[in-house]
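Before any comments, here is the structure.
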Amino acid sequence: MDIKKSLSGIQKNISLRDFTTFKIGGRAKYFFIAKTKENLLSAVLTAKKFRLPFFILGGGSNVLISDKGYAGLVIKIKNQDLKIEKSEINAEAGVPLGQLLTSAAGSSLTGLEWVVGIPGTVGGAVYGNAGGFGKSMKDTIKEVEVLDLKDLKIERYGLKDCKFSYRESIFKKNKNLIIISVIFKLRKLAKSKIGKKIKEYSDYRKEHQPLNLPSAGSVFKNPPGFSAGALIEKCGLKGKKIGDVKISEKHANFIVNLGNGRSKDVKKLISLAKTKVKDKFKINLEEEIQYL
């Protein structure tokens, strides 16, 4: 059986490093860009038909991909339709967060200003209940449309069904659910006020985060009542380098790629940070990033 006949547009042996914000990772045995709901369903059916493991990749901003790559099918979500009706935005999972924010601000809709500077997509942000500045995705979500892999049916999840908590959701816990689109419920506000908020958050990120180097964003969740970055810093690990990756001097919860970073070296730094924080503070750090 020829996989290319089953899924038109599938590619072989594709480097994944350029599809992540970390710029780290080996090659995918198969790679497919899903631009529509139908594309996504075809890719999933093909993976099942050929008994291939598969991984759904959004903006690649919260993931560390192995140097050995992935011996299955990586499905890159790139469905990017976005519609605005009154104070609601219906955005497909592949819409970049920057585009979502620009559209909201342009329509005088407030509630998403905090996403400025986050390089991910709508699907990935909802999956991990991304957040910043005391706010998170759950604050603006009305409904999430998903593909359930158990029966390949399209389902709609209301806010309560999503079971959001700190950097968690039902979509993260239940791997059978793939996010297709999201309806955001926002509020009207003067464009000038929205612009002021965006600038404020953007300036803060530029000042406190290492945005000039490839990273996966925050590596660890903040333990209750603590800042993961502050704990790592107190262990004297700011600037600690292994291979071509290091813990950022600007923000210790960021590991940055200096150019030729390797996944194995990032894992060593993660392990070192966890061990030192556990030894010094008796606190277990938990990763926010996903491994592939």
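The values are calculated or read from the model by the stated rules, or taken from the named source; none is laboratory data. Keep in mind that what you see is a predicted model, and the values were worked out from it rather than measured. When we count neighbours, we look across all protein chains shown, and the Cβ atoms used for this are built from the backbone with ideal geometry, even at glycine. For accessibility, only protein heavy atoms count, side chains too; no ligands or nucleic acids. Shrake-Rupley method; radii C 1.70, N 1.55, O 1.52, S 1.80 Å.
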If the requirement is being closer than 24 Å to GLU168 by Cα and basic (Lys, Arg), which of these qualifies: LYS241, LYS274, LYS246?
LYS274
Whether any residue in region 118-131 is out of contact with any Ser or Thr (no Cβ under 9 Å at 6 or more places or on another chain) and open to solvent by 40 Å² or more (accessible area, probe 1.4 Å) is what I want to check.
no
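Picking from LEU41, LEU82, LEU52, LEU7, which residue would you name as being within 25 Å of PRO119 (Cβ to Cβ) and either in contact with an Asp or Glu (Cβ under 6 Å, 6 or more places away or on another chain) or not hydroxyl-bearing (Ser, Thr, Tyr) (or both)?
Values: LEU41 fails: within 25 Å of PRO119 (Cβ to Cβ); LEU52 fails: within 25 Å of PRO119 (Cβ to Cβ); LEU7 fails: within 25 Å of PRO119 (Cβ to Cβ).
Testing whether each residue is within 25 Å of PRO119 (Cβ to Cβ) and either in contact with an Asp or Glu (Cβ under 6 Å, 6 or more places away or on another chain) or not hydroxyl-bearing (Ser, Thr, Tyr) (or both) leaves just LEU82.
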When you go through (1) in a helix (DSSP H, G or I); (2) touching a residue at least 40 places away in the same chain (Cβ under 8 Å); (3) closer than 24 Å to PHE55 by Cβ one by one for SER271, which number turns out not to apply?
(2)
With respect to SER61, determine if the residue is open to solvent by 20 Å² or more (accessible area, probe 1.4 Å), among the small types (Gly, Ala, Ser) and closer than 30 Å to SER192 by Cα.
yes
Taking the stated definitions as given, is GLY111 under 27 Å from LYS199 (Cβ atoms) and not polar (S, T, N, Q)?
yes
Any residue in region 149-178 that is closer than 27 Å to LYS48 by Cα sitting within a Cβ distance under 8 Å of a residue that is assigned to a loop (DSSP other than H, G, I, E, B) and open to solvent by 70 Å² or more (accessible area, probe 1.4 Å)? List the pairs, counting only those 6 or more apart or interchain.
LEU149/LYS175; SER169/LYS163; ILE170/LYS163; LYS173/LYS163; ASN176/LYS150
Every residue from region 52-70 that is assigned to a loop (DSSP other than H, G, I, E, B), closer than 19 Å to LYS267 by Cβ and more than 17 Å from the chain's Cα centre (by Cα):
ASP67, LYS68, GLY69
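For (1) over 23 Å from the mean Cα position of the chain (by Cα); (2) assigned to a loop (DSSP other than H, G, I, E, B); (3) touching a residue at least 12 places away in the same chain (Cβ under 8 Å), each residue gets a yes or a no:
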{"site": "LYS5", "(1), (2), (3)": "yes, no, no"}
{"site": "GLY9", "(1), (2), (3)": "yes, yes, yes"}
{"site": "ASP18", "(1), (2), (3)": "no, no, no"}
{"site": "GLY25", "(1), (2), (3)": "no, yes, yes"}
{"site": "LYS29", "(1), (2), (3)": "no, no, yes"}
{"site": "ILE33", "(1), (2), (3)": "no, no, yes"}
{"site": "ASN39", "(1), (2), (3)": "no, no, yes"}
{"site": "ALA47", "(1), (2), (3)": "no, no, yes"}
How many of the residues in region 71-84 are outside any loop (DSSP other than H, G, I, E, B) and open to solvent by less than 40 Å² (accessible area, probe 1.4 Å)?
6
Consider region 239-286. How many of its residues are out of contact with any strand residue (DSSP E or B) (no Cβ under 6 Å at 6 or more places or on another chain), over 19 Å from THR20 (Cα atoms) and of a type in the set (D, E, K, R)?
10
Please state which one of LEU52, LEU40, LEU112 is in contact with a Ser or Thr (Cβ under 9 Å, 6 or more places away or on another chain) and crowded, with 19+ Cβ neighbours inside 10 Å.
LEU112
Taking into account only those residues within region 85-101 that are aliphatic (A, V, I, L, M) and either part of a loop (DSSP other than H, G, I, E, B) or open to solvent by 10 Å² or more (accessible area, probe 1.4 Å) (or both), which is nearest to ILE179 (Cα to Cα)?
ALA93
Go over the candidates LYS83, LYS68 one by one and state the one that is of a type outside the set (A, V, I, L, M, F, W, C) and under 30 Å from ASP244 (Cβ atoms).
LYS68
Being over 22 Å from GLY120 (Cβ atoms) and in contact with an Asp or Glu (Cβ under 7 Å, 6 or more places away or on another chain) is the requirement here; does ASN284 meet it?
no
Please verify whether PHE31 is among the hydrophobic types (A, V, I, L, M, F, W, C), open to solvent by 30 Å² or more (accessible area, probe 1.4 Å) and at pLDDT 95 or above, treating the condition exactly as stated.
no
